[in-house]
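What follows is a single structure, written as structure tokens, with notes after it.
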Amino acid sequence: MGTDADRASFLAADLSTHDGVRDPAQRVLDEHDRVDALVHSTGVFTSQESRTADGLHPFFAVNYLSRYHLTQLLLPALRQAGRPVVVMMTAAVPPSDDTDFTRFPELAPFDFGHDRKPIQLANHHCAAHLTRTEPGLAAAVVNAGAAKTDILRIDPWYMRAGAKVLGPVLFDSVETSAHNVVDATRRDDWQTPLYWGNPRQFEQRTPIALNTTTQRLMDTSHTLTGA
């Protein structure tokens with residue numbers, strides 16, 4: 001058995017910008033011919049109005065667009081796997097929820113209450129698109145639950161204070177939040193695309209259906225990233 005250094009490596013990346021996504025993707029492709037599973041767990045939580053270098057809101061850029069972009073760039077390596085898996089971790093937004101995508105992708109000015117759901121649901125559409133266009137690829141969206149991380153670090157002090165007080169009641173452990181993600185990448189007894197809404201129940205899942213909105217969202221994503 002090898003050491004931890006033989007089994008894992010770390011690449012620092014800023015996934016809030018197009019160039020920030022392209023750089024780690026190229027580094028992965030330079031080092032690996034095959035990628036068996038890609039798990040998108042990076043996320044930000046901010047309700048403030050701000051823009052990335054590409055003119056996009058960071059909540060949109062990181063929590064959805066970087067996932068589409070990075071997956072597209074790594075497809076050559078994913079296609080070399082026997083059953084490649086792409087998993088996107090999101091908040092609890094079932095694929096059956098209807099929403100308004102007319103503000104995509106500008107989302108200006110950013111309205112967290114209005115824009116959060118369509119950004120999260122875009123992950124479902126991406127999963128549906130991947131399974132339609134990439135034969136043999138399994139794609140899923142997983143509600144990670146309220147994982148005990150430092151995701152609120154850039155939010156107002158009162159939100160951070162509330163999370164600290166209520167954390168023991170509200171937050172799941174990282175192990176609980178990762179449960180369905182790990183099973184989805186290691187098991188092949190599920191049909192794709194799927195959504196896991198309960199972090200503790202792998203057998204409770206909802207099919208993700210492709211609809212006419214999906215192609216428009218993917219076309220927009222392609223236009224933004226070039227991928």
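The values are calculated or read from the model by the stated rules, or taken from the named source; none is laboratory data. Because the structure is predicted, anything quoted here is derived from the model rather than measured. Here Cβ is always computed from backbone atoms with ideal geometry, including for glycine, and neighbour counts include all displayed protein chains.
Numbers for the structure displayed
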| quantity | calculated |
| --- | --- |
| Count of residues meeting criterion [under 17 Å from the mean Cα position of the chain (by Cα) and either in a strand (DSSP E or B) or closer than 11 Å to residue 140 by Cβ (or both)] in the stretch 172-197 | 10 |
| Test: residue in the stretch 157-170 that is modelled with pLDDT under 75, among the basic types (Lys, Arg) and buried (at least 16 other Cβ atoms within 10 Å of the Cβ) | no |
| The stretch 198-227, residues that are in a loop (DSSP other than H, G, I, E, B) and either over 17 Å from residue 40 (Cβ atoms) or among the acidic types (Asp, Glu) (or both) | 198, 200, 201, 202, 203, 204, 209, 210, 211, 226 |
| Residue 48, sole failed condition from (1) part of a loop (DSSP other than H, G, I, E, B); (2) farther than 23 Å from residue 133 by Cβ; (3) free of Cβ contacts under 8 Å to residues at least 60 places away in the same chain; (4) not hydroxyl-bearing (Ser, Thr, Tyr) | (3) |
| Meets criteria (under 16 Å from residue 123 (Cβ atoms), of a type in the set (Phe, Trp, Tyr), assigned to a loop (DSSP other than H, G, I, E, B) and in contact with a Ser or Thr (Cβ under 9 Å, 6 or more places away or on another chain)) for residue 101 | yes |
| Selected residue (criterion: nearest to residue 20 (Cα to Cα)) from residues of the stretch 49-89 that are surrounded by fewer than 23 Cβ atoms within 10 Å (Cβ to Cβ) and among the hydroxyl-bearing types (Ser, Thr, Tyr) | 52 |
| Residue under evaluation residue 114, criteria (1) surrounded by fewer than 14 Cβ atoms within 10 Å (Cβ to Cβ); (2) touching a Leu at 6+ places or on another chain (Cβ under 7 Å); (3) modelled with pLDDT of 90 or more, criterion not met | (2) |
